[in-house]
């Protein structure tokens, strides 16, 4: 009887651990690599907009945004230029249910923490309802900021193509963000907030 109980307990523990591991990973749908408006039209339409509704970013759009920012397009290369192919950037997605690290190779998000980053990000009122903020991190003082610039420009063009609002923001509490993610403050480069306009 005790052996059966121990065996059942072991199975329960394994199932619980597997469920917890699954909750800490979000598999993303394959990014769409065709469609959208013509490039010159997207360049013309790209703009900063400081107004976001609370409407959720669906998983396909999230996957496409992350692909535009830091995806892998071909031959192990990123969707942005990287000096000497030094891929010294990390992209975190701040969503209502946590802070997630983007893994382009596996096309998934891994939970990095559930800390409330609002006090560190919401330094302006228009941020209160925003559903998605990307945090660009990097340890290479020379290359990482350049890569972050290329990444947020790609996202800005994608946003223009999809009718999304976006704003790139450096007015953030880098120390607070770094502490929440166990990073160094200087590794926090810049943020970009994306969301749907009010209808």
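The values are calculated or read from the model by the stated rules, or taken from the named source; none is laboratory data. Small disclaimer: the values here were computed from a predicted structure and weren't measured. Glycine also receives a Cβ, built like all others from the backbone with ideal geometry; neighbour counts cover every protein chain displayed.
Failed condition for residue 7, given (1) under 30 Å from residue 99 (Cα atoms); (2) over 21 Å from the mean Cα position of the chain (by Cα); (3) surrounded by 10 or more Cβ atoms within 10 Å (Cβ to Cβ); (4) modelled with pLDDT under 95, with all others met?
(1)
Anything in region 61-90 that is surrounded by fewer than 17 Cβ atoms within 10 Å (Cβ to Cβ) and free of Cβ contacts under 8 Å to residues at least 60 places away in the same chain? List them, or say none.
Answer for region 61-90, where residues must be surrounded by fewer than 17 Cβ atoms within 10 Å (Cβ to Cβ) and free of Cβ contacts under 8 Å to residues at least 60 places away in the same chain: 72, 73, 74, 75, 76, 77, 84, 85, 86.
What about residue 29, is it modelled with pLDDT of 95 or more and within 25 Å of residue 111 (Cβ to Cβ)?
Yes; evaluated as a whole, the condition is true for this residue.
So which residues in region 20-49 are farther than 22 Å from residue 152 by Cβ, in contact (Cβ under 8 Å) with a residue 12 or more places away in the chain, out of contact with any strand residue (DSSP E or B) (no Cβ under 7 Å at 6 or more places or on another chain) and not in a loop (DSSP other than H, G, I, E, B)?
Result: 23, single match.
Assuming residue 52 fulfils every condition listed in (1) part of a helix (DSSP H, G or I); (2) surrounded by 13 or more Cβ atoms within 10 Å (Cβ to Cβ) apart from one, which condition is it?
Only one criterion in (1) part of a helix (DSSP H, G or I); (2) surrounded by 13 or more Cβ atoms within 10 Å (Cβ to Cβ) is unmet by residue 52, namely (1).
From the list 162, 174, 108, pick out the single residue that is at pLDDT 95 or above and more than 15 Å from the chain's Cα centre (by Cα).
162
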